[in-house]
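Data first, discussion second: the structure below is written as structure tokens.
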């Protein structure tokens, strides 16, 4: 069991190091030091191509990496440039990085905010510079300052988890939740979960908030120690839920506790197939990234886009995981 936990933690650290160590020169940078690319104030490179900016809350997250890669592929297929910046789970750093992206001449910003409220100054800076914002995955608080919001139906994803919990535990279940109230997408997932279990004998008995991945293990261990009668543990995404699963295994409580999640990442689906996670509501960062790029080109060409786009999710369980490809998102 300790070996499993070590493997999970090693995987998370590898992902983090990999994201930082595979930075193409001139296309990706940290929030603290944004690398400048060859661009003009008009938002075009010397060769005449368009320049786009992308920043997310945490570029060590495989979901955000997959979304970035989908955007990059779509943009570069047109001979254009994507400048990518890691928000580093710090909104002040992300705001500074967005200011830097503006000076680099981006025409459209793809934004996944660290904090839906505190991103406001950066949104105002984009508006002042005449740069449309395509808000992806997690909403900003002030939607009047974005051209469109594109996300998975996160309420539905949480609801799917809750409905499956009620189905699996018709006589009731005690649920522990690890969430992040700063991320609008996670708030929506929890709202969907709560909606599905309302009026049933399933109830949330403990909930804790985290803002960084290094807080997950200790939080999960504390909650396991404080709650001897947990039936279900729900994590805000697959990375978090896999660490929760490792803590449960180390505590010798795998027969008593089922872990539910949201993402449908390759590692999440593989875990479901192997009898680890019980379920994960699958979304597609690739579809989100491609839709965001399509909207950006529409905006550049003067076309109208919808104010909001909501993409479907699918619950992955032991009953249907064999019909899916674990190596693919969604």
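The values are calculated or read from the model by the stated rules, or taken from the named source; none is laboratory data. Nothing here was measured: the structure is a model prediction, and the numbers come from that model. In this analysis, Cβ positions are derived from the backbone assuming ideal geometry, glycine residues included, and neighbour counts consider all displayed protein chains.
Observations
- Selection from the range 137-163 of residues that are assigned to a helix (DSSP H, G or I), in contact (Cβ under 8 Å) with a residue 40 or more places away in the chain and out of contact with any helix residue (DSSP H, G or I) (no Cβ under 7 Å at 6 or more places or on another chain): 143, 160
- Conditions (1) under 20 Å from residue 91 (Cβ atoms); (2) crowded, with 24+ Cβ neighbours inside 10 Å: number failed by residue 160: (1)
- The set of residues in the range 63-76 that are under 15 Å from residue 296 (Cα atoms) and either at pLDDT below 95 or out of contact with any helix residue (DSSP H, G or I) (no Cβ under 9 Å at 6 or more places or on another chain) (or both) contains only 76.
- Residue check, residue 184 modelled with pLDDT under 95, under 20 Å from the mean Cα position of the chain (by Cα) and crowded, with 20+ Cβ neighbours inside 10 Å: yes
- Flag if residue 192 is free of Cβ contacts under 8 Å to residues at least 40 places away in the same chain and surrounded by fewer than 16 Cβ atoms within 10 Å (Cβ to Cβ): no
- Residue in the range 62-81 that is within 24 Å of residue 237 (Cβ to Cβ) and part of a loop (DSSP other than H, G, I, E, B) present: no
- Residue satisfying condition, being over 22 Å from residue 181 (Cβ atoms) and surrounded by fewer than 23 Cβ atoms within 10 Å (Cβ to Cβ), within set 106, 102: 102
- When 134, 166 are screened for being in contact (Cβ under 8 Å) with a residue 24 or more places away in the chain, farther than 24 Å from residue 231 by Cβ and touching a strand residue (DSSP E or B) at 6+ places or on another chain (Cβ under 8 Å), only 134 passes.
- Against the conditions (1) closer than 29 Å to residue 114 by Cβ; (2) part of a loop (DSSP other than H, G, I, E, B); (3) over 17 Å from the mean Cα position of the chain (by Cα), residue 171 satisfies every one except (1).
- The range 114-124, residues that are surrounded by fewer than 16 Cβ atoms within 10 Å (Cβ to Cβ) and in a helix (DSSP H, G or I): 121, 124
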